[in-house]
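Engineer: Let me begin by handing over the structure; questions about it come next.
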Amino acid sequence: AALFHTDYEDKISSIRVGNRWQFQNIGKVEVDGLELAVEGRLGNWHPYANYSYTDSRIKKNPSDPLTEGKRVQRIAPHKFNLGVTYAPSGQFYIRVSGRYVDDYYFNDRNTAVARNPAHFVADAKIGWQLPGLSLMRKAELSLAINNLFDRHYREQQYEYADGRNVWLGLSARF
């Protein structure tokens, strides 16, 4: 668990001017937060969960007083991650995980058109450790499916995140 408080002066933000983005300093921002995490081991099962709460508010902004009291852009107040890995041996595992991100804004005025709705995304991965070859210490073959339920959500104001996607991977350490 962790509690935190941060005061910023002249925090850099971005604003849209016409069809371009421009950096702007915000006079004063206060950030308060809480983070909680737990991990476990139940035989071959390894569950985990973590949660964070962040209250990030603009306290003073002479360049745009309409932002005072608003949330800082791109910071979701609530985030939650959970997952479990099943690893019956050192050579094989299955992992399922999910992440929830609360709504947040793409501008400091927190206007309705710049609101990004909350979303939950789940992923899954299966991995196999390959027998060691003479030059490799560790090799893994994996299959991952990201965004299992094909959720449509934005990570940037004008750009949606990838839908469901599948990755076949081979990694090795020498």
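The values are calculated or read from the model by the stated rules, or taken from the named source; none is laboratory data. Computed from a predicted model, the values in this text were never measured in an experiment. Don't worry about glycine lacking a Cβ; one is built from the backbone with ideal geometry, like all the others, and counts go over all protein chains shown. What goes into the accessible areas is simple: the full protein's heavy atoms, side chains included, and nothing from ligands, DNA or RNA. Shrake-Rupley method; radii C 1.70, N 1.55, O 1.52, S 1.80 Å.
Engineer: Over the chain, with a Gaussian network built from C-alpha contacts below 10 Å, which listed residue (ASP108, ASP150, ASP123) shows the highest mean-square fluctuation?
Structural biologist: Looking only at ASP108, ASP150, ASP123, the biggest GNM fluctuation is shown by ASP150.
Engineer: For TRP45, what accessible surface area do you get with a 1.4 Å probe? Give it in Å², rounded to 10.
Structural biologist: We get 120 Å² for TRP45.
Engineer: Relative contact order, percent, of the chain when contacts are C-alpha pairs under 8 Å separated by at least 6 residues?
Structural biologist: Values: 420 pairs, mean separation 23.2, N = 174.
Over the chain, the number comes to 13 percent.
Engineer: In Å and on Cα atoms, what radius of gyration and Dmax does the range 26-66 show?
Structural biologist: My reading of the Cα-based Rg and Dmax gives 18.4, 57 Å.
Engineer: While we're looking at this one, here's another question. With every protein chain kept in place and ligands, DNA and RNA left out, what is the accessible area per residue of the chain? Probe 1.4 Å, answer in Å². Present the calculation step by step, with values, prior to reporting the outcome.
Structural biologist: Values: 11390 Å² over 174 residues.
With all protein chains present, the chain gives 65 Å² per residue.
Engineer: Treating only the Cβ of Lys, Arg, Asp and Glu as charged (+1, +1, -1, -1), what charge dipole size does the chain show about its Cα centre? Round to the nearest 20 debye. Present the calculation step by step, with values, prior to reporting the outcome.
Structural biologist: Details: 23 positive and 19 negative charges, 68 e Å.
In debye, rounded to 20, the chain gives about 320.
Engineer: Also: Given Cβ point charges of +1 (Lys, Arg) and -1 (Asp, Glu) and nothing else, what value in debye, to the nearest 20, does the dipole of the range 9-102 about its Cα centre take?
Structural biologist: Working: 14 positive and 10 negative charges, 64 e Å.
With only Lys, Arg, Asp and Glu charged at Cβ, the dipole is about 300 debye.
Engineer: Expressed as a whole percentage, what fraction of the accessible surface of the chain belongs to carbon and sulfur atoms when a 1.4 Å probe is rolled over the protein heavy atoms?
Structural biologist: Numbers: 6280 of 11390 Å².
On the chain, the fraction of accessible area on carbon and sulfur atoms equals 55 percent.
Engineer: Ranked by accessible surface with a 1.4 Å probe, highest first, in what order do HIS46, HIS78 come?
Structural biologist: On the way: HIS46 40, HIS78 65 Å².
Result of the area sort, largest leading: HIS78, HIS46.
Engineer: In addition: Run the numbers on the range 84-174 and let me know its relative contact order in percent, using alpha-carbon pairs under 8 Å that are six or more apart.
Structural biologist: Details: 184 pairs, mean separation 21.5, N = 91.
About 24 percent, as a whole number.
Engineer: Taking a probe of 1.4 angstrom, what is the accessible area of PHE92 in Å², to the nearest 10?
Structural biologist: For PHE92, the solvent-accessible surface is approximately 60 Å².
Engineer: Limiting things to C-alpha atoms, what are the Rg and the maximum Cα-Cα separation (Dmax) for the range 1-116, in angstroms?
Structural biologist: 19.1, 59
Engineer: Moving on to the next point. Counting alpha carbon pairs within less than 8 Å and at least 6 residues apart, what relative contact order, in whole percent, applies to the range 1-48?
Structural biologist: Values: 68 pairs, mean separation 18.6, N = 48.
39 percent.
Engineer: Here's another thing I want to ask about it. Number of Lys pairs in the chain with C-alpha atoms less than 19 angstrom apart, excluding same-chain neighbours closer than eight positions?
Structural biologist: 11
Engineer: In a Gaussian network model over the chain where Cα atoms closer than 10 Å are linked, find which of ASN19, ASN50, ASN116 has the largest mean-square fluctuation.
Structural biologist: Result for the chain, Cα springs under 10 Å: ASN19 fluctuates most.
Engineer: Where Lys and Arg each count +1 and Asp and Glu each count -1, what net charge lies around ARG173 among other residues with Cβ under 13 Å from its Cβ?
Structural biologist: Details: positive: ARG137, LYS138; negative: GLU140.
Taking every Cβ under 13 Å from that of ARG173, the sum is +1.
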